[in-house]
Structures are given as structure tokens and as C-alpha cells.
Amino acid sequence: MTKSVIVVKNLTYKFDDFIALDNINFVIEQGAMTAIIGPNGSGKTTLLKNIIGIYEPTVGSVKIFDKQSNQVIKRIGYVPQKFEFDRDIPITVYEFMALEKCGEAKHNQTNIHRALREVGLNDIEKNKLGELSGGQFQRVMIAKALLHEKEILIFDEPSTGIDIVGEQTIYDLIKKINKERGTTCLIVSHELNIVNKYANKVICLNKKMICSGTPETVITPENLKQLYGIGAGLYHTH
Amino acid sequence: MIRALVSGIFIAILLGWLGTFVVTRKMSLIGDGIAHASLAGIALALLLGWAPIPVAAILSVFIASFIYFLEKKTKISSDMAIAVMFTTGMAIGIILLHFYQGYQPELVSYLFGNILTINSNDLWNIIAIGLVILVCLFVFYRKILFSTFDPVGAYLSGIKPWIYDLVLYISTAVAIILSIKLIGIILVSALLVTPSAIARLFSKSFKHFTVLAILISVMIVFAGLMASYYLDLPSGATIVLTGTLLFLLSFVLSFVIKLLKKVNT
């Protein structure tokens, strides 16, 4: 039987009186590749922040490995949707990636080099973080999440700012890590085709949980209409 | 003069290093806020006949912690929190000084800085407390930088960012108070910000940035003190103007370097 890694139970989250998430329930199994989809403002990022413990649920609970998020936080890697910093601050890619230490001797300079190469970045360690393009920066953020071989990886729109070819590379890489290392992956994405191709479970969110299941059962015209309010769907290139 | 130089260089190292974190966090106003708010402590000490700097240092720890609390636990932004403390401290100080009878020459030296008022007690206080701050910065360097630059990443790595944020806020507050006799309440924040503003124009990495900011800070204080001594000018203002001059020169130089690089490519 597959072990449950993330259990979200009756989760409601409010910003003052505004309900951002309303009674969310789901379970993510070990080694799963789960995607969360939903329109802008549907609470996807808020849900991720509740999962990693930056926000505390107003009602309900989030358990990871049967514990509170903050007790197992070192086992989670997270790529945020936005990373705001002063681009004039002279910090190099290497310095940024070396900020986290985990005590593993193998996670040293060579590993930083390898993680960067895995996301398609070569000879970039000495470059200043503020001088990278949006796509390069996003890849550095992904490389940073891969560095310490976390058991759960959470990506909030990982392909933001990356072109179509780069997007494919990033998702192929996430899939590879998911398969080879057995890492549980949770991805927020707007790209229904990507979700359909890579995820084995989809959660549809619009403040409430609209539906969940395999991509084939969830990404249907009826569900998408309920979720986005218009005729969204998959497209095919011939 | 030796006492002034030693204390000045020690303060330059402290403020130069702390300034790199302060500038990275975009909270350059914190120096001004804490220094101005500390007028309340200095006025209270003068009124009661106590030593002003220790009273101001203790008060600054509370001010820094309170600014941090306002920032993190309420919806008040950093600049608003600093502005509220800044004006409240100044107002309390002015009201307390209203009850202080007669001419207040000592007060003027706290407001504008006077290197001649630094006695051996002040020098030893600057060295002892300064060493504690330097050791903290050295030991917690990576964690302070991590919490400063990527607080969410720091939290996910198991670090408690609030601890290192508070270490930085309190260290900055105490270092600012230690510098008041040299530069003065009105001008002290310049030495926190100007060296980093110059250093980041030429730095290739954060390590480089830190070393360069400290060296520039020492250079500004040394040149400023020398100019103040030989030209018989107020120490604080001369140090600040030396920094400004160096910043303007550096800005032009960095612009020329960028222009030359563009032409060559």
C-alpha cells in the first residue's frame, strides 16, 4: 500500500474576513506527481503556503509524514512563484545556492555545479543573480530546490518566464527526478497540456476543491467550465 | 587623536559590515530611526545625571525589537514602523530636555558628534561591545545573510529567521548608539549606508561587497577624521561629507567604466 505523504484535512484559510480556501481535503501519496490547477486568485499559492507552514490554517490541518509541517520542513524543497530581491545586490549564483547547508559532504561545490547543469545552466556560478534573465533565474531556483535531495518538491508555476523549449526541459527534469529518486512532486501550473502530460493526479481549486483525480477523469470540458467559467480545454498541435 | 582614530576605525568596521545587510534588506532608514529615537534615552540620562550612552544603548535594543515586532506582527511596513519610532523618540527627548535647566553643551555634541568628547571609558565600551557584535556577525554570517536575502528558503532549511533578524536589528541599534559621540544623532546613519552604496558599484560577489564596504568605511572615517583635525572642522559632518564626496567620485567612475566596456564590445 502506498504511504500518504501530505494529508490536508478540512483546511480553511482566511485573510481577515476574506475566505481564500474553503474546506479543502486531499491526500498525496509517496512518489506521486500531483498538479494543482485553477484560475488566478483561486488560492493555489495560499494552499502551498499552508502546506509548507508559512501560513497557519484558520480551520483544519496539514500533516506531512504524519507531523506538523514545521517539524519536517527540512525534507521539503520549494520553488516560489515570485522571488523578490534588489537586483543591484552583488550576490553570485554560487553564493545564493550555498546559503543552505545540510551537513552532507557530497552537497558541496561539485553538487552545485551538477544541479545547475541538470537544469541546463553551464558556467554560471560566478554570475551575479541580478544579471540573470527571468528564465535563467527560474532555473537557478529549481536547481537550488534539487540540491539537497529533498523528499518532497513543491513548485509554484516553475516555468514562469521560460520559453516553450525550456519549459519542456524543466518538466522533463521534474518527471525524471520523480521517477528516478521517487521524490513526491506537487506542481501548480496553468498549462493544462503540461498537466495532462506529466501529472498522475490533478486537484482543481477555486477557493473550494472542485474536483480531483487522474488527468483523464478531471480535465473534462464540464470540470474546466466549472473551474474557469469559460470553454477552456486541451489543444493539440498537428 | 589616537583615541579618536581607534574608536573611529572600530565603528567604521562595525557600521561598514552591518550596512551590507541593511542595504540588502532595503531598510537604510533604520539607522536614522534608531539614532533619532535614542534622543529620548540621552535626554532622560542627562536629566537624571546618568551616563547617556549606556541608557541610549539599552533603549535602542527595545526600539529595535519594537520596530521588528511592528514590521512582522502587524500590517505596518518597515518605513512606517521606523518613522513612528523616530518621531516618538525625538518628541519624548524634546519634552524631557524642556525640563533640563541652562545651556546644554553636551547635548550639542550628541546631536552633531564631537570626537573630543570620547574618553577612555567610551573607547573601551566601543571595543568591548563592538567585539561582541563582530563575533556575532562572524559566527552567524551565513544565517543572517540567508534570513536577509531569502527568508522563506532560510525557514525551509530549518533556520528560524526571526532569531537572526533580531540579532541583526539589535546589533545595528547598539552599533549606531556607539557611534553617536563620533558622528552625532543627526548624521550617524550616513556611515551605515554610504560605504555599502559605494561598494556595490564595484563588487562581483557578496563576499567582495562585504570586504569592500568595510574597507571603504574605514577609509572614509580615517580621511574624515584627518580632515577634521587639520582643518579644524566638526568631526561628524566632515566624515559624512568625505563619504558623500567618495560616493560621487565612485558613481562617476563606475559610469565611465560601464561606458568604456560598452564601447569595447
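We did not get these values from a lab; they are worked out from the coordinates using the rules stated. Since the model is a prediction, treat every value here as computed from it, not as a measurement. A quick note on method: Cβ atoms are made from the backbone with ideal geometry, for glycine too, and the neighbour counts reach across all protein chains shown.
For the reader, a short list of remarks on this structure follows.
- DSSP-assigned coil residues among chymotrypsin sites (Phe, Trp or Tyr not before Pro) in the stretch B:79-166, each with at most 10 further Cβ atoms within 10 Å: B:Phe99, B:Tyr103
- Across the stretch A:112-237, the convex hull enclosing all Cα atoms gives 128 Å³ per residue.
- Our helix-only sum for chain A, with -39,500 (n - 2.57) per DSSP H run of n ≥ 4 divided by its residues, gives a mean residue ellipticity at 222 nm of -8500 deg cm²/dmol.
- Using θ = phi - 60° and Karplus 6.51 cos²θ - 1.76 cosθ + 1.60, couplings along the stretch B:219-226 (whole Hz; Gly, Pro as x): 4, 4, 5, 4, 5, x, 5, 4
- Taking all C-alpha pairs of the stretch A:57-138, those more than 14 Å from each other amount to 72 percent.
- Cross-link table A:Lys44/B:Lys72; A:Lys74/A:Lys225; A:Lys208/B:Lys160; A:Lys176/B:Lys261; A:Lys63/A:Lys197, entries beyond 30 Å C-alpha to C-alpha: A:Lys74/A:Lys225; A:Lys208/B:Lys160; A:Lys176/B:Lys261
- Among the listed pairs A:Lys3/B:Lys143; A:Lys128/B:Lys181; A:Lys3/A:Lys207, those beyond 29 Å (Cα-Cα): A:Lys3/B:Lys143; A:Lys128/B:Lys181
- Cut-off 17 Å (backbone N to label point 7 Å along Cα→Cβ of A:Gln71), residues of the stretch A:1-38: A:4-9
- Pairs of alpha carbons in the stretch B:143-265 separated by more than 20 Å make up 56% of all such pairs.
- For A:Val79, nonlocal amide neighbours, meaning residues 5 or more places apart or on other chains whose placed amide H falls under 5 Å from its own, are A:Ile154, A:Phe155, A:Asp156.
- Cα-derived Rg over Rh, computed across the stretch A:1-141 with Rh taken as Kirkwood radius: 1.02
- Computed over chain B, the ratio Rg/Rh where both radii use C-alpha atoms and Rh is Kirkwood: 0.99
- Using θ = phi - 60° and Karplus 6.51 cos²θ - 1.76 cosθ + 1.60, couplings along the stretch A:117-127 (whole Hz; Gly, Pro as x): 5, 4, 9, x, 10, 10, 6, 10, 4, 8, 6
- Equivalent ellipsoid of chain A: semi-axes from √(5λ) of the C-alpha gyration tensor, largest first, are 29, 21, 18 Å.
- Diffusion of the protein assembly as shown by Stokes-Einstein, at 10 °C in a medium of 1.306 mPa s and with Rh set to the Kirkwood radius over alpha-carbon pairs, works out to 62 µm²/s.
- The HN-Hα couplings worked out from phi for the stretch B:36-49 by the Karplus form 6.51 cos²θ - 1.76 cosθ + 1.60 (θ = phi - 60°) are 5, 5, 6, 4, 4, x, 5, 5, 4, 5, 5, 5, 8, x Hz, whole numbers, x standing for Gly and Pro.
- Database remark: amide H of A:Thr92 closer than 5 angstrom to the amide H of A:Leu129, B:Phe206 (H placed geometrically; neighbours at sequence offset of 5 or more, or on other chains; Pro and chain starts carry no H).
- Note on B:Phe255/A:Glu29: beta-carbon distance plugged into 1/(1 + (r/R0)^6) with R0 of 56 Å gives a FRET efficiency of 0.45.
- Hydrodynamic radius (Kirkwood) for the stretch B:1-98, which is based on Cα pairs only, to one decimal in Å: 14.5 Å
- Note on the protein assembly as shown: antiparallel DSSP beta bridges, both residues inside, total approximately 55 percent of the bridges counted.
- Against chain A, whose longest principal axis is taken from its Cα atoms, helix A:164-180 shows a tilt of about 90°.
- For A:Lys208, distant residues with modelled amide H under 5 Å away: A:Asp22
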